[in-house]
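What follows is a set of notes on a single structure, which appears directly below.
Nothing in this text is a laboratory measurement; each read-out follows from the coordinates by a stated rule. As the structure is a prediction and not an experimental result, all values here were calculated from the model. Cβ: placed from backbone, ideal geometry, glycine included. Neighbour counts: every protein chain shown.
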Amino acid sequence: MADVNIIIQEAGAKGISLPQIREKARKASVSEEALQSEIKRLRAAQQIAGPVKYRGSLYYYSKGYEPGGESVSRMIEAAVRDGGERLMTLKQLEEKKIHQPFKRAFDDGVAVLVGSGRAVKVKGGSSTYLLHVDVARRLLPALEAPVMASSEAALTGVNKMGTAVESTFRSNVWTAYEALKLEQHGLSAVSIGRLIRRLSCTKEALHKFLLAEAAAERADLHPTTLVETSEEDREGALPLPGRSEPAVTVTLRRE
């Protein structure tokens with residue numbers, strides 16, 4: 001007889017639909033009645049979780065892999081750890097790194113991850129980023145990553161981390177900007193698309209930074225038509241409020 005528990009375990013975090021379980025059980029000559037009885041037994045013993053409805057099918061998961069705060073926290077942790085110092089916003093993590101049906105537990109996953117001290121939230125402009133605790137300690141060795149964001153000390157720690165990360169990003173932008181400026185023989189208007197590629201950062205992160213710099217009069221954003229621009233320039237094009245043409249190049253100014 002097929003071991004239904006092993007069938008579900010082998011599916012891991014992807015889970016396995018009831019029709020897929022039935023197909024594997026059928027090949028092992030397991031009747032529908034026996035299959036349903038075994039699923040009921042495994043659920044009662046808390047060895048499996050489910051059913052979770054997704055795309056019209058019922059999915060089962062080995063215990064600990066079902067959509068929930070702990071399983072999603074592990075997915076998010078893997079994403080931010082692999083990203084290193086390249087920050088991703090919470091929105092980017094949810095949209096690009098977590099798929100359904102796990103998205104529904106995204107907020108719970110973030111809460112578990114931050115609450116257990118495995119990551120810290122960092123505020124940058126209007127966005128909130130998530131930084132893995134190992135990276136946080138490399139950036140600020142003296143800072144103890146906050147375990148809970150409920151105390152005044154924890155909030156102070158997050159704010160210090162945010163300031164440090166913002167300062168590091170600004171420094172990286174300027175390093176890339178000066179290098180590109182040198183490559184084009186001192187021409188100060190640098191392609192935003194080339195900046196993004198040189199920094200290996202997300203378009204959203206650089207766009208937010210440049211808009212904030214422009215608002216503080218530390219950057220000039222140069223709008224232009226995209227008709228005869230390169231693919232690189234089109235990829236980096238920054239939409240400007242109240243303008244029909246996006247900014248393709250930027251000139252940065254020191255304070």
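Modelled label-to-label distance, residue 126 and residue 55, 7 Å Cα→beta-carbon offset: nm?
Using points 7 Å along Cα→Cβ, the separation is 3.4 nm.
Rounded, prolate or oblate, given the Cα gyration tensor of segment 163-244, with a/c below 1.5 counting as rounded?
Oblate.
So what is the relative contact order of segment 53-103, in percent, for Cα pairs below 8 Å that sit 6 or more residues apart?
Taking the mean separation of contacting Cα pairs over the length of segment 53-103, I get 40 percent.
Beyond a 22 Å Cα-Cα separation, which of these cross-linked pairs lie in this structure: 53/103; 14/63; 96/203?
none
Enter the Cα centre distance for the pair segment 170-243 and segment 1-69, rounded to the nearest angstrom.
So the separation of the two Cα centres works out to 50 Å.
Show me the ranking of peptides 214-223, 179-188 by mean Cβ neighbours inside 10 Å, starting with the highest.
Descending packing order for the listed peptides: 214-223, 179-188.
Does segment 6-70 come out rounded, prolate or oblate, given a ≥ b ≥ c as the square roots of the eigenvalues of its C-alpha gyration tensor, rounded meaning a/c under 1.5 and, failing that, prolate meaning a/b above b/c?
Prolate shape, in that a/c is at least 1.5 and a/b is the bigger ratio.
Which value in nm describes the separation of the simple spin-label points at residue 14 and residue 184, placed 7 Å from the Cα toward the beta carbon?
Roughly 4.5 nm, to one decimal.
Scan around residue 122 for amide H atoms under 5 Å from its own, H built in the peptide plane at 1.01 Å from N, and keep only partners 5 or more places away or cross-chain.
Under 5 Å from the amide H of residue 122: 129, 130, 131.
First check a/c for segment 1-117, with a ≥ b ≥ c the square roots of the eigenvalues of its C-alpha gyration tensor; if it is under 1.5, answer rounded, and if not, answer prolate when a/b is larger than b/c or oblate otherwise.
Because a/c hits 1.5 or more and a/b exceeds b/c, segment 1-117 counts as prolate.
Along segment 201-213, what does the Karplus equation 6.51 cos²θ - 1.76 cosθ + 1.60 (θ = phi - 60°) give for ³J(HN,Hα), rounded to whole Hz, x for Gly and Pro?
Values, residue by residue: 10, 7, 4, 4, 4, 5, 4, 4, 5, 5, 5, 5, 5 Hz.
Please order 75, 88 by the number of other Cβ within 10 Å, starting at the fewest.
Listed from fewest to most nearby Cβ atoms, that is 75, 88.
How far, in nm, would the chain grow between residue 63 and residue 41 when pulled straight, counting 0.36 nm per residue and subtracting the alpha carbon separation?
Extra length from residue 63 to residue 41 when fully extended: 6.6 nm.
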